[in-house]
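The values are calculated or read from the model by the stated rules, or taken from the named source; none is laboratory data. Values in this document were obtained by computation on a predicted structure and should not be read as measured data. With ideal geometry, Cβ positions are generated from the backbone for all residues, glycine too; neighbour counts draw on all protein chains shown.
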Amino acid sequence: MPLRRLADLSASAAKLLSMLLLRARTGARITSLSRRGFWRRFGRLEHERLEFKRSPVHVQESIVAMAMTRGGTIVIGVSDERRLLGWALDQGTLDRLAAVAHETEVDLQVRELRVGRVPLTMVAVPAVRDRVVTTSDGRVLRRVGSANQPLRGDAVARFVRTRDATPLAA
């Protein structure tokens, strides 16, 4: 669902759009890597702070889980078999990510990355420590290895207490 009016934007979505507009105006360059450089930098294994997605359709769960844990990076345009399929940072992708930023109130940083001639979209998700982040249907998730795990009942309170007692650099 595309956002139609500036008044419809949350602070997180507005910040995301402003950042991208500023990059466009200042002529910020797209980061380019060779295929080998890409796999060296990111590795082929997903983990608590890295997820590969084929498309931006189901990114909300990963954004919530990463924000509730230690933050991380989502690379859009990579298959489960680790093939670089490509996913450019176009209007549809931007609208989807802005909607997720709005729904979750997470300040995402988005940029396009080129691996050879293949465009990928990279989403940096910050750790959110001052509140509980939920999906649009109210689920609380955390990142365990490469999976997004739901938290229920008292597990939410225990997780938040433990998270808040752990330094971010850990």
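Brief remarks on what is shown
- Any hit, the range 52-74, residues being farther than 19 Å from Gly145 by Cα, among the hydroxyl-bearing types (Ser, Thr, Tyr) and either assigned to a helix (DSSP H, G or I) or at pLDDT below 90 (or both): no
- For Asp130: the one exception among (1) on the phi > 0 side of the Ramachandran plot; (2) under 20 Å from the mean Cα position of the chain (by Cα): (1)
- Test: residue in the range 152-170 that is outside any helix (DSSP H, G or I) and either surrounded by 18 or more Cβ atoms within 10 Å (Cβ to Cβ) or within 13 Å of the chain's Cα centre (by Cα) (or both): no
- Residue match in the range 79-87 (condition: assigned to a strand (DSSP E or B), surrounded by fewer than 20 Cβ atoms within 10 Å (Cβ to Cβ) and touching a residue at least 12 places away in the same chain (Cβ under 8 Å)): yes
- Scope the range 125-151; condition free of Cβ contacts under 8 Å to residues at least 60 places away in the same chain and either of a type in the set (D, E, K, R) or in a loop (DSSP other than H, G, I, E, B) (or both); matching residues: Pro126, Arg129, Asp130, Arg131, Asp137, Gly138
- Test: Met122 is assigned to a strand (DSSP E or B) and under 30 Å from Ser34 (Cβ atoms): yes
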